[in-house]
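The numbers here are math on the coordinates, done by the rules we state, and not lab data. In this text the structure is predicted, and so the values were computed from the model without any measurement. Using ideal geometry, Cβ is built from the backbone for each residue, glycine included, and neighbour counts are taken over all protein chains shown.
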Amino acid sequence: MDNLWKLDAAGSKLLDAVDTISNNVIAPLAPTIDKEGRFPKENVEALRKAGLLGLLSSPQVGGQGQGIRAAVAVAERVARECPSTAMIAIMHNCATMVIENFGSEALRRSIAGEGKLATLAFSESGSRSHFWLPVSTASASSEGVRLNAAKQLITSAGNCDWYVWSSKPAAAEGLSSLWAVPGNAAGLSIANPYEGLGLRGNSSAPIVAKAVLIPETNRLGEDGKGFDVMMGVVLPYFNLQSCAVSLGIMEGGFERAVRHVTKSQYTYDGSKIAEIPQVRGHIARSRVKIDMTRGFLLDAVEAIERSRADAVLRVLEAKVAGAETSLEVLDLLMRVCGGAAFRKDVDVERYFRDSRASVVMAPVTDALYDFIGKAACGMPLF
């Protein structure tokens with residue numbers, strides 16, 4: 001692949017592996033995953049075999065030792081074919097970063113060396129999109145820590161090996177604490193499997209925890225300091241990778257729309273749909289918006305890597321930029337393809353549906369606009 005993301009040699013080699021998996025495994029399965037609304041276990045297994053579940057893990061524990069630039073590149077490439085699989089990957093990467101920073105060596109090795117799948121379990125029915133304010137509880141005792149919660153819309157629910165789980169602090173002051181919870185822990189239940197409009201394969205479902213017992217050593221970071229980890233470790237990776245998924249959705253939809261308008265023709269004169277000036281205009285506007293988003297995302301990555309003064313602002317803006325632009329672009333591409341856009345075989349409507357998710361996925365776009373406004377005005381975010 002062209003090195004648009006300016007990856008190092010090791011990162012470029014990994015992205016080439018992702019490209020091969022995307023073409024040979026992920027793309028052929030994507031329509032079926034969407035139609036059946038099932039977890040893409042074949043895709044996850046392919047990423048695991050290639051060592052990509054250890055993308056962000058340290059080489060000291062068997063990982064690839066890459067950073068946010070490679071995470072963004074991988075998310076964008078996978079999302080071109082299957083946004084559901086891309087969401088699973090970015091949630092795994094966010095969870096991995098918490099585990100890398102605060103987990104035991106054994107836990108870190110389970111991700112990097114054994115290819116265990118992890119995810120974030122922050123969102124709750126009691127605090128909804130305000131994920132930094134969990135209402136679930138953690139009660140310490142001589143046995144360990146017991147967790148009780150009603151989580152909502154947790155990616156990879158029932159299909160992952162580890163949840164990076166938020167709760168109220170067990171004893172300390174603060175907004176939250178974080179825990180490593182085994183995916184098969186006794187007391188976890190999923191009442192309703194995911195059946196949604198878009199991202200139909202990411203197994204995003206509510207999880208109920210009733211007196212789930214874990215060792216106190218499974219705490220990730222200090223008791224009461226979960227908020228700091230969410231904002232300092234998770235948010236930059238989540239927001240930039242979310243932008244990358246939106247970018248991949250736009251690229252995937254664009255490729256299919258261009259294929260439709262350049263291959264389809266009118267029987268009465270043999271002309272192609274792409275010969276209509278208005279169609280080319282919509283294609284051009286879409287291309288410009290996609291390229292603007294890519295340029296912004298590259299700058300956001302650089303801002304984080306260089307610890308620039310505007311890095312926090314770029315983190316806040318990234319998810320908004322991707323989410324809002326993908327709505328605009330997929331609307332244009334649906335218009336370009338006309339009535340055919342509603343047909344499954346044209347495959348643009350799948351991207352249209354998937355593009356809708358990011359705007360309402362915490363942190364939601366409207367909340368981020370408020371944070372961006374506060375940052376621009378020199379006001380505290382919280």
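Mean-square fluctuation check for the chain, GNM, Cα pairs under 10 Å: which of N159, N93, N239 is largest? Of N159, N93, N239, the most mobile in the Gaussian network model is N159. Longest span of the chain, sites excluded, free of trypsin sites (Lys or Arg not before Pro) in DSSP loop with at most 12 other C-beta atoms within 10 Å? The longest uninterrupted stretch comes out as 7-305. In the chain, the longest principal axis of the Cα atoms and the axis of helix 235-263 are about 20 degrees apart.
Are there GluC sites (Glu not before Pro) in the stretch 145-227 that DSSP puts in a loop and that have at most 15 other Cβ atoms within 10 Å, and which ones?
On the way: sites: E173, E195, E216, E222; in loops: E173, E195, E222.
Answer by residue number: E173, E195, E222.
For A9 and T267, the FRET efficiency from 1/(1 + (r/R0)^6), where r spans their Cβ atoms and R0 equals 51 Å, is about 0.50. Of the residues P40, P182, P236, the one that moves most in a GNM of the chain with alpha-carbon contacts below 10 Å is P182. Taking θ as phi - 60° and the Karplus parameters 6.51, -1.76 and 1.60, the scalar couplings of the stretch 316-333 work out to 5, 6, 4, 5, 4, 4, x, 5, 5, 5, 5, 4, 4, 5, 5, 4, 4, 5 Hz in sequence order, x denoting glycine and proline. In this structure, the amide hydrogen of S264, modeled 1.01 Å from its nitrogen in the peptide plane, lies closer than 5 angstrom to those of I273, counting only residues at least 5 positions away or on a different chain. Separation of the stretch 311-343 and the stretch 94-144, taken as the distance between their Cα centroids, equals 31 angstrom. Across the stretch 181-198, rounded Karplus estimates of 3J(HN,Hα) from the backbone phi angles (6.51 cos²θ - 1.76 cosθ + 1.60, θ = phi - 60°) give 10, x, x, 9, 4, 5, x, 8, 8, 10, 7, 10, x, 6, 9, x, 6, x Hz, Gly and Pro being marked x.
Using Cα pairs closer than 8 Å and at least 6 residues apart in sequence, work out the relative contact order for the chain, in percent. Spell out each step's value before the answer.
Values: 742 pairs, mean separation 59.3, N = 382.
Across the chain, relative contact order equals 16 percent.
Amide hydrogen proximity for L199: with H placed 1.01 Å from N in the peptide plane, the residues at 5 or more positions away or on another chain lying under 5 Å are D354. Checking [x] 17, 23, 20, 16, 10, 7, 3, 2, 1, 0, 0; [y] 28, 61, 11, 0; [z] 29, 57, 13, 1, 0 against P(r) over Cα pairs in 20 Å bins from 0, in percent calculated from these atoms, the matching label is [z].
Listed values for the stretch 90-96 are Karplus-derived 3J(HN,Hα) couplings in whole Hz (6.51 cos²θ - 1.76 cosθ + 1.60, θ = phi - 60°), namely 6, 5, 4, 5, 5, 5, 4, and x replaces Gly and Pro. Among G54, G67, G144, which one shows the highest mean-square fluctuation when the chain is modelled as a Gaussian network with alpha-carbon springs under 10 Å? Ranking G54, G67, G144 by mean-square fluctuation puts G144 first.
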